[in-house]
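Participant: The structure that follows is given in the form of structure tokens.
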Amino acid sequence: MVLDRSCFGLSLRSRREARAARAWQRARRAALLALALPTISCAASDPMDGAPDDVAEATGADAQALTSPFPIDPRKSLVVTDTDIVSQFTLEDVLQQLVLQANVPGLTPELMFRQLFDTYRKADEGFALGPHCDDVVLPNFPATIDGIFTERFDGSINGFPVVCSRAVGQEADSDPFPAPPAESLYMATTLVNRFDLASPLGSDCGEYRVVFARRGGNAQTNGGMRNFIIFESRLPNPTPSQGRQGCRPIVEFWQNLSDPAKSVQDRATELRSFYFDGVSPVIHIDRFAAGSGQIRVNDFLRPPPFAQDDWSLREFKLSHACTGGACQLLAVPTHVDDNPSALLFDPASTDPRAAGFQSWFVNNAVEALASTGDINRLDYPTLVPATYGAGEALLITDQNNYRVALGTGQSTFRTSIQQKLTSIGSPLTPDQLLARAQTVSCSGCHLVKEDSTGGNNDVGLSSPIPSNSFLFTHTSEVTEEIPGEPGRTRFQISNLLKDEFLPYREQVMNDFLFGNTVLGFERSGLWTSTQAPLSLVTGWVTEGIRALRIGTPNAWNQVKSAPFSTASLAPVGNKLNLDFFTSPVQPNPSWLGAVTVLISIPSAGIHNQFVGTTNLSPANQNAFSTITYTLATPTVTALNASPSDVSLTIELSVNPGSGPYFVDNVRFTN
């Protein structure tokens, strides 16, 4: 059961609460002042940079300041590494919860741990507990890569080669639950809120993770003995009939952890309950099964004389089956989601899946990967089909680098990628497009740095993706003092997590909690058209996680919104802003068309009132610009009366054959 959200009423029962109230009032005044500033219309500076202008970015924060007594603290509500909190989570507790749910006689947390790591060994090296890495051996695969790495590729997962066996398999013989300071102990370092991964359709509410690190290793002192186990639980939507809004209790729970009135122990107790208690806990065997979340092992474990530089990440699903009253629970190695094998990018590949993958990639992945200017939104349109998923992610050039696999010469695959990019008006090169695919992969996410081929961080943005200060990970086994709290510590996080990923995740939470689903284009069916095909997309977006895509088979297209209320938007200002993406596909470059907006408030006697028209020809193509209209004074007065029957109409007059166009983040400002 998700914990109830604490009341946001400003009860002044203590000096601390009084300070929080005054802070809220200051934030509210600051937000009102910000809303009173004139709006500046501007386009993204880079052709591929779809980031919103400053006003658009501030909208969610301003709305939060108007409605919540405290802001989201990313280190309390998104990534929790406070040692006083994470120390109350143990690997033994997590595995014990799974054991109790499985109801398997004789199964213990220690046996679960051993069985998972036994999968890294060959059958004749390990226990008879479950699958082993050599259960399926691929013929005619080289024993080494580049003559550098000596481990043999004697096994496979999902039909792709994996190193078998690996040194990390020796963990199956260790004790993971000894008393500190034993090196083999796995300690919790991080609790993670990934609501930003929630299904746009609301089938789930994202992933909630707990990271355990092997005490005996860290990058500074003992990098060859590092190992991480990450439990990534995908929570079902408690009220799926409401779409993503059914996830609100979960999001409000995480938001409420930022309440300055909560003590450290309050937050620890509530997080423990969220992860372990109730009818829908994070730690549950169903959350790590096929079709849901997963368990990952991020492996650096290299006891001498093993080499210390071939990092690996593998993914596991829990298989829980009962036959005739007898049950079994196994951690089964599976393909790594959204991490296609680099072997499939090779134009000369002899793998029978390569042709199908390359066709799928051109027809499905290219446009999705190209359609964003934000590294947080780089993604495939759907999960990569399972048959293409690599068995493990390795830091081995030929095994996991898509650009190297494609090669520099001309090929049918490279030409097809370029033709697709040209058809959608993208200035990206095939190499930049594959660098984006690489960024989405495990090794690309964990290892962002220049390489001998020009760097996987050149993804066609105005500046390269910053290198990861932690090199391979985004969390650390090393602690730091918590600012402003002498004597208290937390585990460190990477610069990318702190500066690039967390601000985006915070914005997603704010937009969800305080945005309007009609004006933010977050729910299907709220905008309709009898002329243009409409769809919601996750690529070119400036607010929330989705935007409206308008296809344009006609010269004139009318798009209408569902009725909405302005009760939560007050005070409504006299400016109507929207973020509009002008397509680079233009049959007549000398005239791009125009956007007209109408507003209706039937209860106030306002029907299809003209708001304004904007000429698109001066706008930057392949970029978002903010369009600003001024509302008539009687209309503003009507809007501030909190009517529930407001609707907008967007009319798009453009050249037939141009497009598509995108609209997002409609908002009222002063």
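The values are calculated or read from the model by the stated rules, or taken from the named source; none is laboratory data. Every value quoted in this text rests on a predicted model; they were computed, and no experiment measured them. Note: ideal-geometry Cβ built from the backbone for every residue, glycine included; neighbour counts use all protein chains shown. SASA here: full protein model, heavy atoms, side chains in, ligands and nucleic acids out. Shrake-Rupley method; radii C 1.70, N 1.55, O 1.52, S 1.80 Å.
Participant: Given H placed 1.01 Å from N in the peptide plane, which residues other than close sequence neighbours of F160 have an amide H under 5 Å from its amide H?
Facilitator: Answer set, sorted by chain and number: G391.
Participant: Let me ask you something else. Over all directions, the average projected area of the alpha-carbon convex hull for the range 467-582 comes to how many nm²? Walk me through the numbers before you get to the answer.
Facilitator: Values: hull surface 48.0 nm².
Mean projected area of the Cα convex hull: 12.0 nm².
Participant: Calculate one ³J(HN,Hα) per residue across the range 657-666 by plugging θ = phi - 60° into the Karplus curve 6.51 cos²θ - 1.76 cosθ + 1.60, and present them in order as whole Hz with x for glycine and proline.
Facilitator: x, 8, x, x, 10, 10, 10, 7, 6, 6
Participant: Step through the table entries K122/K498; K262/K498; K420/K498, compare each Cα-Cα distance with 32 Å, and write down the pairs that go over it.
Facilitator: Numbers: K122/K498 40 Å; K262/K498 23 Å; K420/K498 35 Å.
Where the Cα-Cα span goes over 32 Å, the pairs concerned are K122/K498; K420/K498.
Participant: Using the scaling law 2.2 N^0.38 Å as the reference, what is the normalised Cα Rg of the range 299-419?
Facilitator: Expressed relative to 2.2 N^0.38 Å, the Cα Rg reads 1.32.
Participant: Using only the alpha carbons, work out the radius of gyration and Dmax of the range 93-140 in angstrom.
Facilitator: In order Rg, Dmax, the Cα atoms of the range 93-140 give 13.2, 44 Å.
Participant: Here is a follow-up. Quick query: amide H of T190 versus all other amide H atoms, modeled in the peptide plane; which residues come in under 5 Å with a sequence gap of 5 or more or a different chain?
Facilitator: Under 5 Å from the amide H of T190: V211.
Participant: Work from the charge dipole of the range 107-251 (Cβ charges, +1 for Lys and Arg, -1 for Asp and Glu, about the Cα centre) and give the residue of V163, T189, P131 farthest towards its positive end.
Facilitator: Comparing the listed Cα positions along the dipole, T189 ranks first.
Participant: Compute the Kirkwood hydrodynamic radius of the range 118-259, taking the inverse of the mean of 1/r over all pairs of distinct Cα atoms, and give it in Å to one decimal.
Facilitator: For the range 118-259, the Kirkwood estimate is 18.5 Å.
Participant: Binning every alpha carbon pair distance of the range 502-556 at 10 Å from zero, what are the percents per bin?
Facilitator: P(r) over the range 502-556, rounded to whole percents: 24, 46, 22, 7, 0.
Participant: In Å², what does the accessible area per residue of the range 264-375 work out to with a 1.4 Å probe?
Facilitator: 37
Participant: Hey, another quick one. Roughly how many debye, to the nearest 20, is the charge dipole of the range 455-530 about its Cα centre, given +1 on each Lys and Arg Cβ, -1 on each Asp and Glu Cβ, and no other charges?
Facilitator: Using only the charged Cβ atoms, the result is roughly 200 debye.
Participant: Shifting gears a bit: Please report the base-10 log of the normalised intensity I(q)/I(0) for the range 520-630, using a Debye sum with one equal scatterer per alpha carbon and no solvent, at each q in 0.18, 0.22 (1/Å).
Facilitator: Results for the range 520-630 at q = 0.18, 0.22 Å⁻¹ read -1.13, -1.69.
Participant: To the nearest 20 debye, what charge dipole does the range 490-545 have about its Cα centre, counting +1 at the Cβ of each Lys and Arg and -1 at the Cβ of each Asp and Glu?
Facilitator: The calculated dipole for the range 490-545 is roughly 140 debye.
Participant: Further question on the same structure: What would the Debye formula give as log10 I(q)/I(0) at q = 0.16, 0.18, 0.25, 0.29 Å⁻¹ for the alpha-carbon point model of the range 575-631, no solvent?
Facilitator: Summing over Cα pairs of the range 575-631 leads to -0.56, -0.66, -0.99, -1.18.
Participant: Could you derive backbone 3J(HN,Hα) for the range 132-139 from the dihedral phi with the Karplus parameters 6.51, -1.76 and 1.60 (θ = phi - 60°), listing whole Hz in sequence and x where the residue is Gly or Pro?
Facilitator: Going residue by residue, I get 10, 5, 9, 4, 10, 9, 8, x Hz, with x marking Gly and Pro.
Participant: For the range 221-286 and the range 97-111, what is the separation of their C-alpha centers, rounded to whole Å?
Facilitator: Computed from Cα coordinates, the inter-centre distance equals 22 Å.
Participant: I need the Kirkwood Rh of the range 260-345: take the reciprocal of the average 1/r across all distinct C-alpha pairs and report it in angstrom.
Facilitator: The Cα-based Kirkwood calculation yields 16.6 Å.
Participant: Another question, then. For the range 202-313, what number results from the quotient of the Cα radius of gyration and 2.2 N^0.38 Å?
Facilitator: Normalised Cα radius of gyration, the range 202-313: 1.35.
Participant: Whenever you get a sec, compute what percent of the accessible area on the range 513-670 sits on carbon and sulfur atoms (1.4 Å probe).
Facilitator: Percent of accessible area from carbon and sulfur atoms in the range 513-670: 53.
Participant: Explain nothing, just compute: Karplus ³J(HN,Hα) = 6.51 cos²θ - 1.76 cosθ + 1.60, θ = phi - 60°, for every residue of the range 294-302 in order, whole Hz, x for Gly and Pro.
Facilitator: Once θ is set to phi - 60°, the couplings for the range 294-302 become 7, 10, 10, 10, 9, 10, 10, 6, 9 Hz.
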